[in-house]
Amino acid sequence: MEIKDLLKYTYGLVPIVAGLDKFTNILTNWGQYAEGMSGMLPFDIGTFMMIVGVIEIVAGVLVLTKPKIGSLVVAGWLVAIALVLLFSGSYLDVAVRDLVMAIGAYALSKLS
């Protein structure tokens, strides 16, 4: 398997799995990452996380079908998540991890 294919399946399947988990919270309680935003949202955190889940599923499918474009979408999404976490001052380890993952997604775009 080529590096490009490994990255494509990783950055395609992981967002899909994470997006699906926004509806089940099997992997983690995703709402904990958005608690600081609860006052700014016109709906509850659970609804917000389901919207996030749909976006992640679409982004993952886009990576699998159009990796050059989809990987840039995923990279941008990961940077946005990292910035929200950095500005909130919480989950800084997750923010750093997401920035590193964004670099990998960007690399996939360049390889595609």
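Any read-out appearing in this document is the output of simple, stated calculations on the displayed coordinates, not a laboratory observation. Since this is a predicted model, take the numbers as computed values, not measurements. Every residue, glycine among them, receives a Cβ derived from its backbone with ideal geometry; neighbour counts consider all protein chains shown.
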Expressed as an acute angle from 0 to 90° and rounded to the nearest 10, what is the orientation of the C-alpha long axis of helix 92-111 relative to the principal long axis of the chain? 30
Report, ordered by chain and residue number, the lysines lying within cross-link reach of residue 68, taken as a straight Cα distance under 20 Å and ignoring same-chain residues fewer than 8 apart. 4, 8, 110
Once phi for every residue in the stretch 54-67 is put through the Karplus expression 6.51 cos²θ - 1.76 cosθ + 1.60 (θ = phi - 60°), the whole-Hz ³J(HN,Hα) values, with Gly and Pro written as x, are 4, 4, 5, 4, 4, 4, x, 5, 4, 4, 5, 9, 9, x
The orientation-averaged projected area of the Cα convex hull of the stretch 7-102, in nm², is 5.7
Which residue, 60, 31, 89, tops the fluctuation ranking in a GNM of the chain built on C-alpha contacts under 10 Å? 89
Can you work out ³J(HN,Hα) from phi for every residue in the stretch 19-32, in order, using Karplus 6.51 cos²θ - 1.76 cosθ + 1.60 and θ = phi - 60°, giving whole Hz and x for Gly and Pro? x, 4, 6, 4, 8, 10, 6, 6, 6, 6, 8, 5, x, 4
Pick from 40, 50, 101 the residue whose mean-square fluctuation is largest in a GNM of the chain, springs joining Cα atoms under 10 Å. 40
Ignoring everything except DSSP H segments at least 4 long, calculate the 222 nm mean residue ellipticity for the chain; use -39,500 (n - 2.57) per segment, divide by total residues, nearest 500. -25500 deg cm²/dmol
Sparse-neighbourhood loop sites, chymotrypsin sites (Phe, Trp or Tyr not before Pro) in the stretch 19-55 - DSSP loop, at most 15 other Cβ within 10 angstrom: 23, 43
Which of the aspartates and glutamates could a cross-linker bridge to residue 66, judged by Cα under 18 Å and excluding same-chain residues fewer than eight apart? 2, 5, 56
Find which of 42, 84, 55 sits farthest along the positive direction of the dipole of the chain, computed with +1 on the beta-carbon of Lys and Arg, -1 on that of Asp and Glu, about the Cα centre. 55
Within the stretch 3-111: Cβ-based charge dipole about Cα centre, in debye rounded to nearest 20 (Lys, Arg +1; Asp, Glu -1): 520
